[in-house]
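In what follows, a structure is listed as structure tokens, so that the remarks can point back to it.
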Ligand SMILES: [Zn+2]
């Protein structure tokens with residue numbers, strides 16, 4: 001019998017997602033890597049995403065990939081591989097600008113471009129979106145709906161963060177909220193610690209805490225009857241990525257902390273829970289709560 005720490009937590013309530021972008025497109029590096037130098041940077045997203053696809057294949061996991069249009073343009077074959085492997089294809093926009101730094105028209109154009117490139121590659125309609133650095137805002141929801149999308153997964157209820165956006169009408173007790181008729185917000189997970197909410201959904205937080213503690217938090221969320229939404233980026237399983245100088249200390253820490261253990265942790269996490277794509281998880285949640 002497998003030791004209990006390795007046994008799988010059976011649930012239909014956990015969703016897995018990957019924000020498919022490269023190491024140099026991250027907000028923490030924006031101060032030192034100019035947007036117009038992206039073409040000159042070493043492209044590592046393809047091999048890193050392939051590594052994650054390999055791990056998910058080993059564990060029989062299907063996830064949602066929120067794909068940056070810029071990456072789809074550079075690596076069309078990668079997008080086809082993700083789609084052919086049966087993962088849900090969703091959008092992360094085109095240029096990874098924080099939404100609240102864009103005008104409404106700029107955001108609409110960014111989204112049209114990002115969605116168009118990816119849909120042309122896969123032939124399938126995109127329904128889901130995740131905002132760069134979770135910078136979701138109310139007016140952006142109207143544009144997402146106008147473009148035919150039906151869900152967003154960018155909001156952390158009850159968490160204050162220097163970059164995260166905020167949405168009106170979010171009930172902190174509900175993990176999935178119909179914020180417009182027919183359009184849902186699938187919240188990214190937060191762990192309640194005392195009166196505070198700590199983001200417990202992945203990214204830097206997945207690398208910050210010891211793995212056993214992170215996993216215990218995920219179990220606590222699921223045991224409370226709440227669903228769980230996890231996210232990760234391809235560059236997080238790549239300790240060999242180029243290091244850049246001149247970063248603020250906090251940004252350097254957020255980006256580089258524990259990159260060398262993340263591949264192993266992701267492997268463990270995939271084997272510890274039963275994961276599903278966000279769209280499928282949303283449909284089942286709505287069916288069982290209607
Ligand atoms: Zn991103």
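We did not get these values from a lab; they are worked out from the coordinates using the rules stated. Just so we're clear, the structure is a prediction, and the values are computed from it rather than from any experiment. Positions of Cβ are backbone-derived with ideal geometry, glycine not excepted, and every protein chain shown enters the neighbour counts.
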Estimated FRET transfer efficiency when R0 is 25 angstrom, pair residue 245-residue 73 (beta carbons, to 0.05):
0.30
To the nearest 0.05, how large is the calculated FRET efficiency for residue 168 and residue 268 if R₀ is 35 Å and r is the Cβ-Cβ distance?
0.40
Between the modelled labels at residue 35 and residue 58 (7 Å from Cα along Cα→Cβ) the distance in nm is 3.9 nm
Most mobile of 21, 109, 46 per a Gaussian network model of the chain (Cα springs, under 10 Å)?
109
Starting from the Cα of residue 51, step 7 Å along the direction of its Cβ; do the same at residue 147; then give the gap between the two resulting points in nm.
3.0 nm
Share, in percent, of DSSP beta bridges within region 147-266 that are antiparallel, nearest 5
75 percent
Work out the FRET efficiency for residue 81 and residue 138 from their Cβ-Cβ distance, taking R0 = 45 Å, and round it to the nearest 0.05.
0.80
Over 27 Å, how big is the tail of the calculated P(r) for region 137-290, in percent of all Cα pairs?
29 percent
For a footprinting-style exposure proxy, rank 16, 170 by other Cβ within 10 Å, fewest first.
170, 16
Among the Cα-Cα pairs of the chain, the proportion with separation greater than 37 Å, in percent, is 7 percent
Starting from the Cα of residue 106, step 7 Å along the direction of its Cβ; do the same at residue 119; then give the gap between the two resulting points in nm.
2.4 nm
Which residue fluctuates the most in the chain, going by a Gaussian network model with Cα springs under 10 Å, if the choices are 178, 34, 236?
34
In the chain, what percentage of the DSSP-assigned beta bridges are antiparallel, given to the nearest 5?
25 percent
To one decimal place, what Kirkwood hydrodynamic radius in Å is obtained for region 47-190 from all pairs of distinct Cα atoms?
15.6 Å
